[in-house]
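Asker: Following this message is one structure expressed as structure tokens.
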Amino acid sequence: MVSVHGGVAPAYRGAGAGGLLSLLLLLPLAGCGPRPPFEVQTLADAGLKPLPAEQLEACAAKLRLPPELPRPADATNFGERQRRDAFGREVPHGPKLIVLHETVISAADTARRFATPHPRDDDQASYHLLLDRAGQRLRIVPDAGRAFGAGMAAFGDFTVRIRPGSVGSLNNVALHLSLESPPDGRGDGDAHSGYTAEQYRVAAGQVLLWQAAFGIPMSRVTTHQAVDRSHSRRDPRSFRWVAFDAAWRDAAQRCGLTAYDRGRATI
């Protein structure tokens, strides 16, 4: 973390010309610090108003979504959404994107991994929610928290950088939803047998609830593979958008929230 030191030049008691000259020379330096090496990036306002909690609860009831089961991550595996960068500038810090993942390992093993302390940055990871093969919703990190799901990532050209040397991340603005991989997907293969109908149904409902809660359009629902800039992530493999889209349209019609998909590539 870079500290940016401001401060005021020290007062001078001497009234002589030398003291005054020294003060005049130092005044331009007051409040100076390192010049930020990068600009703060933002996403355009999507123009969708978040809905009140009671309307979200009514939608969840119509969709018969299963209750969330708490599987909290250890404090080393998530953090707070950071409001300012190392230079004191405000950065995007609320949910603006939804990123879909898969676990590769079982849901139980994934929850245990996230609940295990990981002091090393490279080992820290988490999602906000995890859907097991039966469609149960496992709550890992609160929506208000910063889950560590997409470290080196960008949405198009947009990314969030907090400090010099940062490669950029989307975790400050992302909600991370992961699907448990099938047994034949517990490895590094290019594909597997896919996800269950219940996973697609619940995933679509959860995505819709997040969209309505935070004003996120469908054009900002994406995958880990699509935003990853390390060229190492391929999840969720074997994800069928046609199945997800059908489930999403059904959920949106049931809840009267079809406005969250404008049928456009951008907002």
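Asker: Taking a temperature of 37 °C and a viscosity of 0.692 mPa s, what whole-number D in µm²/s does Stokes-Einstein yield for the stretch 99-165 with Rh from Kirkwood over alpha carbon pairs?
Answerer: The diffusion coefficient I find is 242 µm²/s.
Asker: Rg and Dmax of the chain, using alpha carbons, in Å: what are they?
Answerer: Answer for the chain, Rg first and Dmax second: 22.9, 84 Å.
Asker: Counting helices only, and only those DSSP H runs with n ≥ 4, report the 222 nm mean residue ellipticity of the chain as the sum of -39,500 (n - 2.57) divided by its residues, in deg cm²/dmol to the nearest 500.
Answerer: On the way: 6 runs with 66 residues, N = 267.
Result for the chain: -7500 deg cm²/dmol, rounded to the nearest 500.
Asker: Let me know the charge dipole size of the chain about its Cα centre in debye, to the nearest 20, where only the beta-carbon of Lys, Arg (+1) and Asp, Glu (-1) is charged.
Answerer: That gives the chain a dipole magnitude of about 480 debye.
Asker: Dipole of the stretch 38-260 (Lys/Arg Cβ +1, Asp/Glu Cβ -1, origin at the Cα centre): which of Ile216, Leu175, Phe114 lies farthest to the positive side?
Answerer: The Cα lying farthest towards the positive end belongs to Ile216.
Asker: Now for a separate question. Please give the Cα centre distance for the stretch 136-172 versus the stretch 200-252, rounded to the nearest Å.
Answerer: First find each Cα centre; the distance between them is then 16 Å.
Asker: Relative to the longest principal Cα axis of the chain, at what angle does helix 241-255 sit, 0 to 90 degrees, rounded to 10?
Answerer: 90
Asker: Pick from Ser166, Ser232, Ser193: which is most flexible by mean-square fluctuation in a GNM of the chain where alpha carbon atoms under 10 Å apart are linked?
Answerer: Of the options given, Ser232 has the highest mean-square fluctuation.
Asker: Output wanted: per-residue J couplings in Hz (rounded whole) for the stretch 105-121, from phi through Karplus 6.51 cos²θ - 1.76 cosθ + 1.60, θ = phi - 60°, x for Gly and Pro.
Answerer: Running phi through 6.51 cos²θ - 1.76 cosθ + 1.60 with θ = phi - 60° gives 9, 5, 4, 5, 5, 5, 4, 5, 5, 6, 7, 8, x, 9, x, 7, 4 Hz.
Asker: Between Thr258 and Glu54, what length in nm is gained on full extension when 0.36 nm per residue of separation is reduced by their alpha carbon distance? Walk me through the intermediate numbers first.
Answerer: Working: separation 204, 0.36 × 204 = 73.44 nm, distance 1.81 nm.
Stretched fully, the Thr258-Glu54 segment lengthens by 71.6 nm.
Asker: While we're on this one: Ranking Leu43, Leu170 by Cβ neighbours within 10 Å, fewest first, what do you get? Walk me through the numbers before you get to the answer.
Answerer: Working: Leu43 15, Leu170 26.
Fewest-to-most ranking of Leu43, Leu170: Leu43, Leu170.
Asker: Another one. To check you understand DSSP bridge types, tell me what percent of the beta bridges within the stretch 38-260 (both residues inside) are antiparallel, rounded to 5.
Answerer: 40
Asker: Oh, and also: Under a point spin-label approximation (7 Å from Cα along Cα-to-Cβ), what is the Arg64-Asp123 distance to one decimal in nm?
Answerer: With each label placed 7 Å out from Cα toward Cβ, I get 4.3 nm.
Asker: So which GluC sites (Glu not before Pro) in the stretch 31-110 are both in a DSSP loop and have at most 14 other Cβ atoms within 10 Å of their Cβ?
Answerer: When the GluC sites (Glu not before Pro) of the stretch 31-110 are filtered for loop state and at most 14 Cβ neighbours within 10 Å, Glu39 remain.
Asker: Then there is this: Which of Arg240, Arg71, Arg139 moves the most in a Gaussian network model of the chain with Cα springs under 10 Å?
Answerer: Highest fluctuation among the options: Arg240.
Quick note: the coordinates plus some simple rules give every number you see, no bench work behind them. All values reported here derive from a predicted model rather than from experimental measurement. Quick reminder, even Gly has a Cβ in these numbers, built from the backbone with ideal geometry, and neighbours come from all protein chains shown.
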